[in-house]
């Protein structure tokens, strides 16, 4: 039997499926799972004998934290035109084949500051000068649109990506294209594959020569076959406030992930989707200053030269 590629198997539909999955599953489910883990962390805190469980839960929370980071960066690599991935790759191909070092190189770039052009592509927003050139906005709308777009991408994009980079990246190796990760990222990468956390029993202390004050990781690792053992004591550095902060960031960055994925879905339906948001923003601003709402057949307050009932009047 010969399998035939169906008409609906197009690049755009592959991309839509990925974006819907990121928005609905990756962002929501990871935030839900982390909040559920946090409840477990609080329960464990009520029992002194469950300290090891708390450390294991923190490792799981770290994994959700970093998965959310990766989701945001992969979206940025798919759409931001940063020069980090191969130019001939389609967005869904980048999603399927990205490497962790590409995530690191993007964040290194973000730490040094992303351009407004890159940020507008990540958030699926056409620049105001392009919309003017395509006669999508009027000359009277241009100044407000340009200012609105600039403020939006700087407020949402620059701050988000810089803060992520600051915690993810340690430094770039001299004369090399590889990035050194921060302490917590290294903990995660060195425990998510092939490691077992062993408990601090009396026998394990004798076998692997560590004591209750140990918080080191790498010099205490011993290979057992193809597995590695890690002492759970490293997590003694975490306080309850640190964990609360971690949860807040997971929830916040889950929202950023969803926002970018949904914006890209809107862009696929209508590349000029952002115009109505800009126009509504301007009209609301004018109305809040005390000006009466215009008549349905009057020109809209946003300077679109469209009747109010067919422009912002549909939403206000």
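The values are calculated or read from the model by the stated rules, or taken from the named source; none is laboratory data. Just so we're clear, the structure is a prediction, and the values are computed from it rather than from any experiment. All Cβ positions, even for glycine, are placed from backbone atoms using ideal geometry, and neighbour counts span all protein chains on display.
Any idea how many residues of segment 142-164 are surrounded by fewer than 15 Cβ atoms within 10 Å (Cβ to Cβ) and more than 26 Å from residue 250 (Cα to Cα)?
Number satisfying all stated conditions: 2.
Surrounded by fewer than 21 Cβ atoms within 10 Å (Cβ to Cβ) and more than 36 Å from the chain's Cα centre (by Cα), is that true of residue 297?
yes
Could we say that residue 139 is surrounded by fewer than 22 Cβ atoms within 10 Å (Cβ to Cβ), within 29 Å of residue 299 (Cβ to Cβ) and without any contact (Cβ under 8 Å) to a residue 24 or more places away in the chain here?
Numbers: surrounded by fewer than 22 Cβ atoms within 10 Å (Cβ to Cβ): yes; within 29 Å of residue 299 (Cβ to Cβ): yes; without any contact (Cβ under 8 Å) to a residue 24 or more places away in the chain: yes.
Yes: the conditions hold for residue 139.
Do we have residue 95 as under 21 Å from residue 257 (Cβ atoms), at pLDDT 90 or above, part of a helix (DSSP H, G or I) and within 18 Å of the chain's Cα centre (by Cα) here?
Spelling it out, residue 95 is indeed under 21 Å from residue 257 (Cβ atoms), at pLDDT 90 or above, part of a helix (DSSP H, G or I) and within 18 Å of the chain's Cα centre (by Cα).
Tell me which strands (runs of 3 or more DSSP E) are completely within segment 114-217 and hold 2 or more residues being at pLDDT below 90 and more than 21 Å from residue 72 (Cβ to Cβ), or say none if there are none. I'd like the intermediate steps shown before the answer.
Working: elements: 169-172, 179-181, 195-198.
The qualifying strands (runs of 3 or more DSSP E) are 195-198.
Looking only at segment 245-256, decide whether some residue is more than 30 Å from residue 38 (Cβ to Cβ), surrounded by fewer than 18 Cβ atoms within 10 Å (Cβ to Cβ) and at pLDDT 90 or above.
no
Could you pull out the residue among 153, 84 that is free of Cβ contacts under 8 Å to residues at least 60 places away in the same chain, closer than 30 Å to residue 284 by Cα and either outside the structural domain of residue 252 (by TED's automatic domain parsing) or in contact with a helix residue (DSSP H, G or I) (Cβ under 6 Å, 6 or more places away or on another chain) (or both)?
153
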